[in-house]
Amino acid sequence: ARGIYHNKDKNALVWLNEEDHLRIISMQMGPDIKAVFTRFANLCAEVEKVVTSEGYSFAHSDHLGYILTCPSNLGTGLRASMMVKLPNLGKHPDFKKMAGDLGIQIRGSAGVDSGFTGVFDLSNSARLGKSEVELINIMIDGVAALINKEKELAAAAGDKPAIRQDPQHEFYGSWENVQKTKAEFLTKPAYTIDVNGVQIKLHHNSAGVEGHTSCMANHLTEDLYNQLKDRVTANGVTLDKCIKTGIENPGHPAIKTVGMTAGDVESYETFKELFDPVIDERHGGYGPEEKHPSDMDASKIKDPSVIDSEYVISTRVRSGRSVQGIPLPPSCNKEERRKLEAIVTKALTKLEGELAGDYFPLAGSQSYAAKPGGMTADEEEKLREDHFLFQEPDSTLLISGAMHRDWPDARGIYHNKDKNALVWLNEEDHLRIISMQMGPDIKAVFTRFANLCAEVEKVVTSEGYSFAHSDHLGYILTCPSNLGTGLRASMMVKLPNLGKHPDFKKMAGDLGIQIRGSAGVDSGFTGVFDLSNSARLGKSEVELINIMIDGVAALINKEKELAASAE
């Protein structure tokens, strides 16, 4: 009468008749405790539901919580743990005290009495008197603090990761070289590069700005550069790599560029002294202690019928996602890019219902065994003409970020049968998730988007991975401008009169709306505009959708006024 239940992925277990009647366990590789706890809570609820249906119940009291064999496990009975590498801190004489002060219990990698390996099992020490969520949060804070201490000790010992060589991550090395490179790219003439047989003409300062104007350029000083230049993330990412786009691209006269990208998720923490003020400026005031909200409940979206459908051509919602543990596009190599494609396509090809479809690698890609050589060149061009597929990298920002390497290998698009649910792989972010359709029904578009995000995350999680996310930054993506929701909800709207008004841009900005031409940022006047939420970080997905609805409705009403007065 002893045994084990496990699911197919062996990440949800129940032991029977060991030290307790039941031991309920959820587990997976990596640090995504939120996903692990969610699965644990669901498993507990489902087991309790069936036990109750049989006329029994879990033993519980208001005083003792869940009642188990050993008094040490009363209360929650919960032990949330992570296996963590702490080779330097593990040797520190005060390691046990530091952990204890944080509410953390330490065990060796093979149990309480196992010898030193540099790897430790860290868990909440309390069980009783605090809720499950409180204990999980104590564990998260404690493990984070101990890892930060490990980094300090490693840095003090001169023990830093090797700098990544594929692709190159060392460029400047001194403030003098930073300044020389900035001056070079202010006057660098146009030139042409080859990307998979396509000739791309580049000019880093085609607008002729006189100096670097990006957010990064505003905050990077000689002292700060010298403070950060020798730091390296666990993946080998350097400060030079993160600032390269902003050093080589002075800026845009109409748009405030960010001027830096993250090479991996850890970059935001390793180089936070620069990333934090850049994020604060780019997002109009967002401090390092703030928490980002998330809300994907489509039922909270306003009635989109306030928008006159006669003026709206189409509606789109898109966002990005990064897979934790794999370097981001500026820094990942060919092998890592292929690994990401394998993980995500396994998830995508399991989608069902209205989301069911297929994955199509770009023409010439040899990375996807099911379609060697990818789609045909004609199929690829047709998807681009129909505005479903991204271009090859053709901007100086992408080229400076080295996102064109190995093109088109391991890049592609997933779409459902109706081509209104899309996922792009290995473009500017690991994933771009898109929902779209003709007309103004943003509620239907967002509902499909939310379902697609949830289904992809569910299967990615089942593969032992997770989307990169933090309470502070929300979803973590390559460019700081897309942190938080990463969400861009847009409508293509006909505004032939308002579009000529001298205050059009200000009116839109006051409503939280960003304007682009019908064919992109720098496209000429057609009377049709791409209107979207300008914010990404600090507001939830539903808040941003509602801001977009109100803003578009207001701008259409203004268009009607101007049209009437012109008659």
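The values are calculated or read from the model by the stated rules, or taken from the named source; none is laboratory data. Every value quoted in this text rests on a predicted model; they were computed, and no experiment measured them. Please note: Cβ atoms are built from the backbone with ideal geometry, for glycine as well, and neighbour counts cover all protein chains shown. Accessible surface areas use protein heavy atoms only, side chains included; no ligands, DNA or RNA. Shrake-Rupley method; radii C 1.70, N 1.55, O 1.52, S 1.80 Å.
For this structure, a couple of remarks:
- Whole-Hz ³J(HN,Hα) from phi, Karplus 6.51 cos²θ - 1.76 cosθ + 1.60, for region 397-403, glycine and proline x: 5, 5, 5, 4, x, 6, 8
- Unit Cα scatterers, Debye sum, region 4-94: log10 I(q)/I(0) for q = 0.18, 0.20, 0.21, 0.26 Å⁻¹: -0.95, -1.09, -1.16, -1.44
- Kirkwood Rh and Cα Rg combined as Rg/Rh, region 141-274: 1.03
- Cα centroids of region 120-157 and region 453-525: 35 Å apart.
- For region 257-356, the Cα gyration tensor yields ellipsoid semi-axes of 30, 26, 14 Å (square root of five times each eigenvalue, largest first, whole Å).
- Distance between the modelled labels on residue 166 and residue 64, one decimal in nanometres: 5.9 nm (7 Å Cα→Cβ projection).
- Euclidean distance of C-alpha centroids, region 238-312 and region 24-85, integer Å: 38 Å
- In the context of the full set of protein chains, the chain has a per residue accessible area of 47 Å² (1.4 Å probe).
- Backbone N within region 201-216 under 16 Å of label point (7 Å from residue 187 Cα along the Cβ vector): 204-206, 208-212
- Quick note on region 225-312: its Rg to Rh ratio, both from C-alpha atoms and Rh being the Kirkwood radius, is 1.15.
- Note that region 329-463, at 25 °C in a medium of 0.890 mPa s, gets a Stokes-Einstein diffusion coefficient of 160 µm²/s from its Kirkwood radius over C-alpha pairs.
- Percent of alpha-carbon pairs separated by more than 20 Å within region 409-567: 57 percent
- Viscosity 0.692 mPa s, 37 °C: Kirkwood-radius Stokes-Einstein D of region 200-266 over Cα pairs, µm²/s: 253 µm²/s
- For the peptides 223-233, 2-12, 372-382, 263-273, the ranking by mean Cβ contacts within 10 Å, running from highest to lowest, is 263-273, 223-233, 372-382, 2-12.
- Highest average first, the peptides 64-76, 325-337, 45-57 ordered by how many other beta carbon atoms sit within 10 Å of their residues are 325-337, 64-76, 45-57.
- In this structure, the residue pairs whose Cα-Cα separation is over 26 Å, taken from 201/241; 180/505; 10/339, are 180/505.
- Cross-link table 256/350; 96/272; 151/291; 272/419; 130/346; 256/500, entries beyond 30 Å C-alpha to C-alpha: 256/350; 272/419; 130/346
- At q = 0.14, 0.27, 0.28 Å⁻¹, base-10 log of I(q)/I(0) for region 452-521 (Debye sum, equal scatterers on each alpha carbon): -0.66, -1.25, -1.29
- Portion, in percent, of the accessible area of the chain that falls on carbon or sulfur, probe 1.4 Å: 52 percent
- Convex hull per residue volume in Å³, alpha carbons only, for the chain: 186 Å³
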